[in-house]
1. Could you work out the helix-only [θ] at 222 nm for the chain, with each DSSP H run of four or more residues adding -39,500 (n - 2.57) and the total divided by the number of residues, to the nearest 500 deg cm²/dmol?
2. Give the angle, between 0 and 90 degrees and rounded to the nearest 10, that separates the Cα long axis of helix 139-151 from the longest principal axis of the Cα atoms of the chain.
3. If you take the Cα atoms of segment 90-158, find Rg, then find the Kirkwood Rh from the mean of 1/r over all pairs, what is Rg/Rh?
4. Assign one of three labels to segment 224-287, namely rounded, prolate or oblate, based on the Cα gyration tensor with a ≥ b ≥ c the square roots of its eigenvalues; rounded applies when a/c is under 1.5, prolate when it is not and a/b is larger than b/c, and oblate otherwise.
5. Against the longest alpha carbon principal axis of the chain, how many degrees, from 0 to 90 and to the nearest 10, is the axis of helix 110-123 turned?
6. What FRET efficiency, computed as 1/(1 + (r/R0)^6) with R0 = 56 Å and r the Cβ-Cβ distance, is obtained for residue 122 and residue 330, rounded to the nearest 0.05?
7. Among 26, 323, 286, what is the fewest-to-most ranking by other Cβ atoms within 10 Å?
8. Need the C-alpha centroid separation for segment 206-244 versus segment 307-342, integer Å.
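Derivation of every value follows stated rules applied to the coordinates shown; laboratory data play no part. Fair warning: this is a prediction, and the values are worked out from it, not measured in the lab. We place every Cβ from the backbone using ideal geometry, glycine too, and count neighbours over all the protein chains shown.
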């Protein structure tokens, strides 16, 4: 009789019912994969993470890790490491003893646990902070101590709950790069929960987008960025997104107007273009080569990085990114009547 080795990695169908909310999400990942869970507030990301950790019991479904059923395994007995958003370091313990806590809980002796902890802190570039308590650590240092504590138990599943959310912008940039290196070396499965698209795009191999407790789209970061399938995802990756029906190089939008595209499609379709592809005019342009032209009204303006994001309503609701100089030259303000133009070559249409 031939025996087959148990499949490695994560195989989970998480069904959790809490009051009127129902989470129903399938997650699979091979060792070495980093999966990011994305979604708006209340979508169920944290509930999914808690279910994986054993902190939220499954109502139904399955949870297997490296072929072992974990659905009824208590949290402390699961080969799972967790990095919480606020790190949850023990304030009375040094960095060394915080990291040693995990191995001690898994049965390691004090000396062995501290030796392992010291090695992890050195890998994190924190060898000189072994005796420091959390109040003496910066946000970035505390994050790395929390990561070292999670990894010191040699977990087969690493869960990261908004691991960079508590950091300021400058520290976040540095720690994100460090975290990417550590995750690249991690040989088991990592699941990252984040609301930040940049964290997800940089850190994860695959994105799973959850809305209202269900997966609405999953795939490689580049594919999702290029082919968003919901308004939330489009906003996340910074695109104007519409749904309609394609007939050749034209997509008749559900919202009303037509959009000319370079793709030749037939049937239900999405069409998207970045806010930076939109050109605004105060008067109807006569010399523009843009195939798409809509009469709009400025609904609002706000800073967006080094540009101004102009929200428009009218023939089509859309966003346009302009420089501050362009906004001033056009004299834009809420209520301004404008013409919005987009070249067909700057749109992207794909089957719905």
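1. -7500 deg cm²/dmol
2. Roughly 60 degrees, rounded to the nearest 10.
3. Using only Cα positions, Rg/Rh for segment 90-158 is 0.93.
4. Oblate, because a/c is 1.5 or more while a/b does not exceed b/c.
5. Approximately 30 degrees, to the nearest 10.
6. The pair residue 122/residue 330 has a calculated efficiency of 0.50.
7. Ascending number of Cβ neighbours within 10 Å: 286, 323, 26.
8. Spelled out, the Cα-based centre of one part sits 25 Å from the other.
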